[in-house]
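First the structure, in the form of structure tokens, and then the observations on it.
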Amino acid sequence: MIAALLPDIWFFAAAAAVTYAADWYLHHRGSYLINRLGKVRAGLSIRFLLRQLMIILLLARLDLAEEPLFFVAVAGFLVFYGLQAPQGALTTLIRLRRTMPIVTRNIDLHAVRIPDAPPRTLLHRSAEKMLHLDIPAVAGIVVAAGTGEYLLGYIGAGVTVLLAVVYTALLVPYLRRSRRVPAAPAVLKALDTWLGEYQPTVVLYFSGSNESAYQGNMWLDTMAAVEGRPLIVMRERNLVSQLADTAVPVLCVPAGTHLMNLDLSTVRVCLYPANVGKNIHMLRVPTMKHVFIGHGDSDKLASVNPYSKVYDEVWTAGRAGRDRYALADVGIRDEDIVEVGRPQLAPIETWTGAARNPIPTVLYAPTWEGWDDNPGNTSLLLAGENIVRRLLEADKPVRVIYKPHPFTGIRSAKAKAVHGRIKARIARAAQERAADPRWAKEASAAAAGQSAARAELARIESGLAALAQPGRSGGDESEESRVSLADPARQAEIATLRAEWNDAYWRSFGWWEHRTVSGAQPKLYDCFNQSDAMVSDISSVVSDFIASGKPYAVTDSGELGEEEFKRQNTAVRAAVILSNSAEEIDGLLAAVSDASADPLKEARHELKSYLLGPDEPTSMEQFNAAVRALAAKAEARNAGVAQRIGVQAAPLPDPEAASSGAGDGRAEAVAEAEAAADPDADAGVGAGPTVAH
């Protein structure tokens, strides 16, 4: 605006170029500022319109208001702005007609025809692409105003209008009926047909926020190994893409009405890893038994949530979980608690008593700041920098791996700032160690192997990327539902490549190099296996690490005092307890360096059994036994209800038998009969033992 008012045409050209570049950069980075600008009525379209208005102002200040260029600019921008409405309407309509009521993986919806998606170039960030078509007009008019060659302005305006017309016209063919996905009733009917053929028996039901995908991912391997016919049911479309690769059928049903109308009459056990409001849509089904399995075992209050009363059973890892509920006295009956171990911990290697490398590796894995300001939530705020500093400055050198919780900093700006400082400090320490003559010699000796490992990483990542999308590049979620079918060979290749990636990753840098590990890969358990000790907080991370038998430390950030801290938190009873100054960390380092200086070894062994259950039978065997027992209870309950109302109960399908036909609606008949028998029951929620203990 200043350049237009002066007027200075080349200053204006430079300023306009900066605004284009800034807008592109913010969108490319996914900046939160884009969202904030929209909230204050400075959204994408308005920003482009304002720039075009500034060009009109510039022409007026240059005394060109009576020239044809001025009128061509005004008319061109008006026509271009008018074309944005049909283009926006077409892209919105195409997306709506390409959206199915469900998203699936490993489910064959052969009963409906799902056409290929439009090219990604047409629909991805379409509004931004359309608006950037004004560049020829802007460039042409500015150059024409500066040089007097008005023809350049006419050509630029014409090119912009022509490109906008062409872009809009290219969208029209995708409105044809042959390019739409089937209507919701047809898709849901095809899904019910598949459910009748597959006859799922065990469901993992998962719902949550964008950041909570890890809660479902941690159960994928367990679901793949569970007895029966497993099915994963999700509720948020955006979480499907974050779900790790699995051979288990995945069904995302965003609408509660659609979910409640699915034929799930063969399901006998439903597992819930999180307490969320949308659980009610499945909890209302009385013909299956409902189990809270959680997404970790810790002494946090979330592990004894009174909401757990809605489930038929609560499954804990070991005796500690049972005692935790008894102490909390939140209404969970002891007979409804089943100890099943932690099947996810199978990849964790047991400590040999000696460091893996010439110097020990200490993992710092703090949890996040939580939803309230309790200082005991995380060590990051009060102790994090002290912990890292003392580890980096230890008398005997150690390597530090920093693996923060994925939620770190999402609620607390202070936690985000501390996290940033810790990352920077670790990076500086890594650079200083690289410059030290002793480590430089090690680096020189290992350089060739590390270079080969990095090349191997690139090869593996390329292979994984090729396998990640079974369909063509650019397909939307509807097309992916069509092509994402179970492929045992592909699954085996992915598993092999992931194992190779993990091995190559740790070989790609030295055993002496400090490291910040973020993102989904490498996994936390891989960091456990590379470490000789850990510092963490009250969270399931501590309980899981105990499976390794390695020394660990936990920070008393709430300053309860060691005795009270151990009394309140079972998982720390075999830990080195740190104050916020972290001055006690030498005790942890001594235990790692010399097994004879480890007074807590036996305590860790006893605590492992108490927290995680016995080593034999294996956790997976315990888990499957619990599934079988609960499925039998569901069968007995359904048979009893059917006998009372004179209807024969549907038997639990044999996982090894051939598939039978679709469900016959018997579950709905049973539910209606129960509601009629109990006039006080809430018909919207469902009667039966699943909602009251």
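The values are calculated or read from the model by the stated rules, or taken from the named source; none is laboratory data. Here the structure is a predicted model, which is why all the values come from computation and not from measurement. All Cβ positions, even for glycine, are placed from backbone atoms using ideal geometry, and neighbour counts span all protein chains on display.
At-a-glance table
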item	result
Those residues of the stretch 528-549 which are assigned to a loop (DSSP other than H, G, I, E, B) and surrounded by fewer than 24 Cβ atoms within 10 Å (Cβ to Cβ), in sequence order	Gly549
Among the candidates Leu109, Leu69, Leu78, Leu122, residue that is under 38 Å from the mean Cα position of the chain (by Cα), part of a helix (DSSP H, G or I) and not aromatic (Phe, Trp, Tyr)	Leu122
Listing of helices (runs of 4 or more DSSP H) fully contained in the stretch 168-248 that carry 1 or more residues being under 22 Å from the mean Cα position of the chain (by Cα)	213-217, 220-225, 237-240
Pair list, Cβ under 8 Å, 6 or more apart: the stretch 267-288 residue in the same structural domain as Leu251 (by TED's automatic domain parsing) and touching a residue at least 24 places away in the same chain (Cβ under 8 Å), other residue aromatic (Phe, Trp, Tyr) and surrounded by fewer than 21 Cβ atoms within 10 Å (Cβ to Cβ)	Asn275/Tyr307
Where a residue in the stretch 336-347 is touching a residue at least 12 places away in the same chain (Cβ under 8 Å) and on the phi < 0 side of the Ramachandran plot and its partner, wherever it lies, is of a type in the set (Gly, Ala, Ser) and part of a loop (DSSP other than H, G, I, E, B), with Cβ under 6 Å and at least six apart	Glu339/Gly318; Glu339/Gly613; Arg342/Ala317
Pairs, first assigned by TED's automatic domain parsing to the domain that holds Met130 and part of a helix (DSSP H, G or I) in the stretch 36-55, second crowded, with 17+ Cβ neighbours inside 10 Å and of a type in the set (Gly, Ala, Ser), C-beta under 7 Å, six or more apart	Arg51/Ala16; Met54/Ala4; Ile55/Ala73
Hits in the stretch 422-457 (condition: of a type in the set (A, V, I, L, M), under 32 Å from the mean Cα position of the chain (by Cα) and surrounded by 12 or more Cβ atoms within 10 Å (Cβ to Cβ))	Ile422, Ile426, Ala427, Ala429, Ala430, Ala452, Ala453, Ala455, Leu457
For Leu171: the one exception among (1) under 24 Å from Leu96 (Cα atoms); (2) out of contact with any helix residue (DSSP H, G or I) (no Cβ under 6 Å at 6 or more places or on another chain)	(2)
Search result, residues across the stretch 96-117 that are more than 9 Å from Trp194 (Cβ to Cβ) and surrounded by fewer than 15 Cβ atoms within 10 Å (Cβ to Cβ)	Leu96, Arg113
Yes/no for Ala626 being within 36 Å of the chain's Cα centre (by Cα), assigned to a helix (DSSP H, G or I) and assigned by TED's automatic domain parsing to the domain that holds Val340	yes
Residue in the stretch 26-49 that is crowded, with 20+ Cβ neighbours inside 10 Å, of a type outside the set (Ser, Thr, Tyr) and more than 31 Å from the chain's Cα centre (by Cα) present	yes
Flag for Leu152 being hydrophobic (A, V, I, L, M, F, W, C), free of Cβ contacts under 8 Å to residues at least 60 places away in the same chain, over 13 Å from Leu122 (Cα atoms) and assigned to a helix (DSSP H, G or I)	yes
The stretch 586-600: number of residues that are assigned to a helix (DSSP H, G or I) and buried (at least 16 other Cβ atoms within 10 Å of the Cβ)	7
Among the residues listed as Glu559, Glu606, Glu583, Glu564, the single one being surrounded by fewer than 18 Cβ atoms within 10 Å (Cβ to Cβ), at pLDDT 90 or above and not in a helix (DSSP H, G or I)	Glu583
Selection within the stretch 161-210 - farther than 24 Å from Met288 by Cβ and polar (S, T, N, Q)	Thr168, Ser178, Ser209, Asn210
